[in-house]
Amino acid sequence: MLTESSRAADFPSLKGIHYLNTAAESIPPLCVNEAVAEYMHHKSLGMRGRDFHFPRVEDCREITARHLGLSTDEVSFCSCSSEAYNLLANALQLTPKDEVIVTDLDFPAGATPWLTAPESSRPVTRLWKNRDGALDLTDLAALLNDRTALVQVSLVSFYNGHRIPFAPLRDMIRKLAPQAVISVDVTQALGRVALDCQDADIMISSTHKWTLGIHGGGVIGIPKKSAARLTTSAGGWYHITNAFDADRFESARIKPGALSFSVGMPSFAALYALNASLRYLEAVGMDKIIAHADPLVARVHAGLKELGLTALSAAQPGCSSGIVAFKHENTAAINEALLAQNIHVMHQVGRIRIAVHGYTTAEDIDKLLATLRSTIGG
């Protein structure tokens, strides 16, 4: 992943392209392809395949817990981050007397469950707005009160790469709204940066971005201290301790905390893949990935500045993020020029987003900046 030879061996599909769109879709290493093939082999065994499926889930739980900095019984899985947020809403059972704080740098999955609740039970949603691409804790302080039931943030924003300073955020919430649940979306962080938010009440992530996995998985981490409060009451069977006992139609005993979020049959293919991809990242070394990729992110920031382009979030030395984004009046033409050079970024009308991971090279960044220079001048 970090050398020319390992990159070519582990990511053959990167040959001939400059891939800078991991924040949307990652390129899995070959070991993930092999893990999915192994799942299909086990699936073809019929019921005997389950002798392999369920142990692999536990293997995945163990490596995921290490990456999150939690214990194995504090980690579980569902189908995607959107499902996890809906299960969180079910666990909280908020009312119109409660207030939820979300940010305008958050992904919709973390914000919409509170907006789509029935009017009779819909909490008040308060918006923490960014200033010049960053979230100012002073603005959060003005929103916190004794009715705040939930503060939802992303450790790294999908929109512009801003990384929130977690420790001061946590301290402020615990002081001004001590009953509030702190929920952190780590989708744009897990597998790319060192996590520092283990004191959150819940961490949620998808599996197909920086973790180098595939679609169909959602990661949930809930420390024991928050388990009782964050146990969903959703129906299902996999999270029920007495699902097949004689009293199963009289009562349902739900596993606590994170384990309650696995309401149905695990998405085995996604967990085979995640187990392989997280072990791959661990073998490479998260410290080495950060040390390799962060200077490339800094080069993107410096290059944009030289071109007269302002990043939507300022560089944050010592505070890793893999995302840099900028706005321009003619992003369609820019994206067309980039694609002509086999440079892949995220393009939305008016915005270009660049994502740098461990398989990104200095050549990728040089090619990106040279193409931007020739396209927009500077």
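Give, as ranges by residue number, the residues of the stretch 181-195 whose backbone N falls under 20 Å from the point 7 Å along Cα→Cβ of Ala302.
none
Using only alpha carbon pairs under 8 Å that are at least six residues apart, calculate the relative contact order of the chain and give it in whole percent.
Relative contact order, the chain: 22 percent.
On full extension of the chain, what length is gained from Asn242 through Met172, given 0.36 nm per residue of separation minus the C-alpha to C-alpha distance?
This chain segment gains 21.1 nm when fully extended.
Under unit Cβ charges (Lys, Arg +1; Asp, Glu -1), what dipole magnitude, rounded to 20 debye, does the stretch 80-158 have relative to its Cα centre?
It comes to approximately 140 debye.
Where a Cα-Cα gap under 20 Å defines reach, which aspartates and glutamates qualify for Lys175, not counting those fewer than 8 residues away within the same chain?
Answer for Lys175, where 20 Å is the Cα cut-off: Asp98, Glu99, Asp136, Asp139, Asp146, Asp196, Asp199, Asp201, listed by chain and number.
Please give the length that would be gained between Ala340 and Lys129 if that part of the chain were fully extended, namely 0.36 nm times their separation in residues minus their C-alpha to C-alpha distance (nm, one decimal).
The Ala340-Lys129 span can extend by a further 72.3 nm.
What translational diffusion coefficient, to the nearest whole µm²/s, does the stretch 158-290 have by Stokes-Einstein, given a Kirkwood radius computed over alpha-carbon pairs, a temperature of 37 °C and 0.692 mPa s viscosity?
In µm²/s, the coefficient rounds to 196.
Report ³J(HN,Hα) in whole Hz for each residue of the stretch 209-222, in order, from the Karplus equation J = 6.51 cos²θ - 1.76 cosθ + 1.60 where θ = phi - 60°; Gly and Pro get x.
For the stretch 209-222, the Karplus curve yields 10, 5, 6, 6, x, 10, 5, x, x, x, 9, 10, x, 10 Hz.
Kindly flag which residue pairs out of Lys209/Lys327; Lys15/Lys367; Lys43/Lys255; Lys209/Lys288; Lys209/Lys367 have an alpha-carbon separation exceeding 25 Å in this structure.
In this structure, Lys43/Lys255 exceed 25 Å between Cα atoms.
Return the distance in nm (one decimal) between the two label points of a simple spin-label model at Glu38 and Glu62, each offset 7 Å from Cα along Cα→Cβ.
In this crude label model, Glu38 to Glu62 measures out at 1.2 nm.
Please give me, ordered by residue number, the GluC sites (Glu not before Pro) of the stretch 311-369 that lie in loop per DSSP and have at most 12 other Cβ atoms within 10 Å.
Glu329
Using Cβ contacts closer than 10 Å as the measure, can you line up Phe11, Phe52 from fewest to most?
Phe52, Phe11
Below 8 Å, C-alpha to C-alpha, sequence gap of six or more: please give me the relative contact order for the stretch 263-354 in percent.
Computed over the stretch 263-354, the figure is 20 percent.
How much length is gained if the chain between Thr95 and Ala314 is pulled fully straight, taking 0.36 nm per residue apart and subtracting their Cα-Cα distance, in nm to one decimal?
Length difference between fully extended and current span is 75.1 nm.
For the chain, with a Gaussian network of springs between Cα atoms less than 10 Å apart, report the residue from His347, His18, His208 with the top mean-square fluctuation.
With Cα springs under 10 Å in the chain, the top fluctuation among His347, His18, His208 is at His347.
Counting other C-beta atoms within 10 Å, which of Leu195, Leu369, Leu137 has the fewest, and how do the rest follow?
Sorted ascending by nearby Cβ count, the order is Leu137, Leu369, Leu195.
Between Arg122 and Met265, what FRET efficiency follows from the Cβ-Cβ distance if R0 is 41 Å, with the result rounded to 0.05?
It comes to 0.85.
If neighbour count is taken as other Cβ atoms inside 10 Å, put Leu176, Leu169, Leu190, Leu135 in order from fewest to most.
Listing Leu176, Leu169, Leu190, Leu135 from fewest to most nearby Cβ atoms yields Leu176, Leu169, Leu135, Leu190.
What is the ratio of the Cα radius of gyration of the stretch 74-184 to 2.2 N^0.38 Å, with N the residue count, to two decimals?
1.02
Do the sum for the chain: with -39,500 (n - 2.57) for every DSSP H run of n ≥ 4, divided by all residues, what is the mean residue ellipticity at 222 nm, to the nearest 500 deg cm²/dmol?
-11500 deg cm²/dmol
For q values of 0.13, 0.16 Å⁻¹, compute log₁₀ I(q)/I(0) with the Debye formula on a Cα-only model of the stretch 1-146, without solvent.
-0.94, -1.12
For Cα extents along the principal axes in Å, pick the label among (1) 79, 51, 34; (2) 71, 56, 32; (3) 77, 56, 45 that corresponds to the value derived from the coordinates.
(2)
Readers should treat all values here as calculations from the given coordinates under stated rules, not as data from a laboratory. From a predicted model like this one, the values you see are computed outputs, not experimental measurements. As a convention, Cβ positions derive from the backbone with ideal geometry for all residues, glycine included, and neighbour counts pool all protein chains shown.
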